[in-house]
Structures are given as C-alpha cells and as structure tokens.
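Structure first, then comments.
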Amino acid sequence: SWIDERNKFQKEMKVDEHFYDTKKSSFEIPKEHLNSLERIYFAGGEPLFMPEMYEFLDKIRDKKNVSLYFNTNFSILKHKGENVFDLFNEFKNVHFAISCDGVEEIGEYVRTNFNWFSFCENVIKLGEFINTRNKNFTYGFQYTCSILNCFHFFEFRKKLYENKFIRSEEHTSELQSRFGISY
C-alpha cells in the first residue's frame, strides 16, 4: 500500500516514474532441483500476497519433506478464497516469523493499513489451526523497531503475553531447536 504513497511523492517531486522500478523476482528453480529442496525461506514484500509464491509451491511434488519459513506481517490469510493454512498443510513444517511494528495505536500509526484487531484475529486463527489440525505449524514474533516505536518494545511483549500469543521463554527455545533459528 505504500507504493501509492511513493507514486504520489514521485509525481509531486517530478521524479521519472521508472526510476525506482521494482524487479519481479523469479521463483524458477529447475525441475531436477525441486525434489531435493528441504527448507524454503520466504520474505517480502509480503510473501502471503504473492501469487508467484503459491505457483512455485504447487510445483513441489514431495511436500512432506519440505519445511517452509515465512517472514510475514500476517495481514493476509487467504489466497484465491482458500485459507493459507490449508494450502501449506501438506508440508513437513511451517513457521511464521510474524513481523509487527507495535500494538494498538502505535502499530497502526507506524505501519500503513495495519489493524491491531485484525492482526490479533489472525494470530488466534493460527493458534486454533495448530491446536486442532497441525502441530507442525509454529510461529514467533519479530518486533520491527524504528525511531517511531523503539520505546514500546516491552509494551509489545507484555501485550503478546496478555493475549496468550506467547506463553513463556520455552516458546522461543522450542522454535530455536526445531528450526535452528533465534529471536
């Protein structure tokens, strides 16, 4: 959504509209290598918004041997009307590194179109999916720090505990051992 803002700025500043053209990334991996994939990391923009990512994942035949790792703002949980959790259900492990700029008004001020209530609903949906359908889905949070929110980190962490989105330090340890990652 910030692209509209950038385009308006470029027009006002009389910047050549093609000066900052974004290159389209390619998900093309030769077919002979698709079967040897073990882990795939997707980052943004917003990977859950990218049709190319879903097309790429559809090409993988032996999904049960592949772990997915998404860095996401968790604003989108549907692709072509289908729940993304269902689309990823066949994979060995799926981890969401959920990026957030802050809670409530702070998060909504810092990130364009962020809605705290919708964000919470999406995390709750993920928790329900994990509890009822797939224990191989995990998640963690990444606080995206800037000058606009740097003094609100502890408020962010407290709100995650209050909402039961994180339970304890064991949550972090479990993710580190399972995926070899650290927060």
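With R₀ fixed at 30 Å, the C-beta to C-beta distance from residue 167 to residue 144 puts the FRET efficiency at about 0.85.
If you sort 16, 4, 86 by accessible surface, 1.4 Å probe, largest first, the order is 4, 16, 86.
Using 0.36 nm times the number of residues separating residue 109 and residue 61, minus their current alpha carbon distance, what extension gain do you get?
13.1 nm
In order along the stretch 156-164, phi translates into HN-Hα couplings of 4, 4, 4, 5, 5, 5, 4, 7, 6 Hz, rounded to whole numbers, per the Karplus curve 6.51 cos²θ - 1.76 cosθ + 1.60 with θ = phi - 60° and x for Gly and Pro. Applied to the stretch 106-123, the Karplus parametrisation 6.51 cos²θ - 1.76 cosθ + 1.60 on θ = phi - 60° returns per-residue 3J(HN,Hα) values of 4, x, 5, 6, 6, 10, 4, 6, 6, 10, 4, 4, 5, 4, 4, 4, 5, 5 Hz, with x for Gly and Pro. The alpha-carbon of residue 63 sits under 19 angstrom from the alpha-carbons of these lysines, leaving out residues fewer than 8 places away in its chain: 31, 92, 135. Other residues whose C-beta falls under 11 angstrom from the C-beta of residue 38 contribute a net charge of +1, scoring Lys and Arg +1 and Asp and Glu -1.
Restriction of the trypsin sites (Lys or Arg not before Pro) in the stretch 52-116 to DSSP coil positions whose beta-carbon has at most 15 other beta-carbons within 10 angstrom yields 61, 80, 92. Under a 5 Å amide H cut-off, with hydrogens placed 1.01 Å from N, residue 96 pairs with 70, 138, 139, 140 among residues at least 5 apart or on other chains. Treating r as the C-beta distance of residue 71 and residue 7 and R0 as 30 Å, the FRET efficiency rounds to 0.75. The length gained on full extension between residue 36 and residue 130, counted as 0.36 nm times the residue separation minus their Cα-Cα distance, comes to 31.2 nm.
The values are calculated or read from the model by the stated rules, or taken from the named source; none is laboratory data. Being a predicted model, the structure only gives us computed values, none of them experimental. Every residue, glycine among them, receives a Cβ derived from its backbone with ideal geometry; neighbour counts consider all protein chains shown. These area figures cover heavy atoms from the full protein model, side chains too; ligands, DNA and RNA do not enter into them. Shrake-Rupley method; radii C 1.70, N 1.55, O 1.52, S 1.80 Å.
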